[in-house]
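The values are calculated or read from the model by the stated rules, or taken from the named source; none is laboratory data. Quantities reported herein were computed from a predicted structural model and do not represent experimental measurements. With ideal geometry, Cβ positions are generated from the backbone for all residues, glycine too; neighbour counts draw on all protein chains shown. SASA here: full protein model, heavy atoms, side chains in, ligands and nucleic acids out. Shrake-Rupley method; radii C 1.70, N 1.55, O 1.52, S 1.80 Å.
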Amino acid sequence: MNIKNAAADHPILKLLAERWSPYGFEDRSVPETDLRSLFEAARWAASSYNEQPWNYLVATRDDPREFERLLSCLAEANQAWAKAAPVLALGVASLRFAKNNQANRAAVHDLGLAGGNLSAEATSRGLSVHQMIGILPDKAREVYQIPAHYEAWTAMAIGYKADPATLPEALKERDLAPRQRRPLGKFVFTGQWGQPSPLVLRHDT
Ligand SMILES: Cc1cc2nc3c(=O)[nH]c(=O)nc-3n(C[C@H](O)[C@H](O)[C@H](O)COP(=O)(O)O)c2cc1C
């Protein structure tokens, strides 16, 4: 089993177990047909009132000028590794409902759901997605003329994960590190906050 696969305590979809966020990417373009399917998967996410508050700005390394513009909207620490990815995307949330201009409290939540769909679709196609909160939202607004009530929230590096053996030491170490998760009893409660639900303390037989 791949060291990065989830060491799940209970059975989950293979697709979910195999998803992880690499720091190293192969120097290989992603076919446009795959990219369209990734955004199509995002499109079919659930959203509060079906508002579909997600928007994406996307750039591929095949267009170096556009790629550099998008890269400039990432925090420096993320630029360092994300510049190797063949595709970058900025996730922009629409923060108000189109129909009444009221604040949409679920906007960022739903941008996240769309990102989850996109990541699952990517995994099924042998692609990897590394999401980033480390972006420069003000820079993104300036570079892309993002309108008021929309906000760049996260970015994604998309591509084929590299063989860690080919990476510089610091990245290799991160891409070989085992994936850690809190056990279910630490976040699934019954009766009172912090009280592990008996449901998750039982084991499958
Ligand atoms: C919304 C979000 C923001 C993230 N921001 C960053 C980031 O700015 N830089 C980074 O290196 N990783 C970032 N990550 C990746 C997480 O660190 C990673 O998902 C987490 O460590 C779990 O690892 P896994 O995705 O391989 O299971 C982000 C992930 C998510 C979902």
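A few points about this structure:
- Sulfur and carbon atoms: percent of accessible area, the chain [1.4 Å]: 53 percent
- At most 12 other Cβ within 10 Å, DSSP loop - chymotrypsin sites (Phe, Trp or Tyr not before Pro), segment 33-77: W44
- With K and R counted +1 and D and E -1, the other residues having a Cβ less than 13 Å from that of A17 yield a net charge of +3.
- In order along segment 120-129, the phi-based Karplus estimate (6.51 cos²θ - 1.76 cosθ + 1.60, θ = phi - 60°) of 3J(HN,Hα) comes to 5, 4, 4, 4, 5, 9, x, 9, 10, 10 Hz; Gly and Pro are listed as x.
- Against the criterion of solvent-accessible heavy-atom surface with a 1.4 angstrom probe, K4, K172 sort, most first, into K172, K4.
- Note that segment 67-79 has calculated 3J(HN,Hα) couplings of 4, 4, 4, 5, 4, 5, 8, 9, 4, 3, 4, 7, 4 Hz, one per residue in order, obtained from phi through the Karplus relation 6.51 cos²θ - 1.76 cosθ + 1.60 (θ = phi - 60°); glycine and proline are x.
- Based on Cα contacts under 8 Å between residues 6+ apart, segment 73-128 shows a relative contact order of 19 percent.
- Nonlocal amide H pairs with L95, under 5 Å, H built at 1.01 Å: Y150, E151
- Area of R61 that stays accessible when all protein chains are in place (1.4 Å probe, Å², to 10): 90 Å²
- For the set V108, V30, solvent exposure ranked by accessible area (probe 1.4 Å, protein chains only) runs largest to smallest as V108, V30.
- 5 angstrom amide H check on I135, placed H, neighbours 5+ away: A75
- The phi-based Karplus calculation (6.51 cos²θ - 1.76 cosθ + 1.60; θ = phi - 60°) puts the 3J(HN,Hα) values of segment 85-90 at 6, x, 9, 10, 9, 9 Hz, whole numbers, x for Gly and Pro.
- Each label was represented as a point 7 Å from its Cα along the Cα-to-Cβ direction; for T33 and N50 these points are 3.0 nm apart.
- Accessible solvent surface per residue of the chain, calculated while the other protein chains remain in place, 1.4 angstrom probe, Å²: 60 Å²
- Links that overshoot a 24 Å alpha carbon limit, given the list K83/K172; K161/K186; K4/K139; K4/K186; K139/K172: K161/K186; K4/K139; K139/K172
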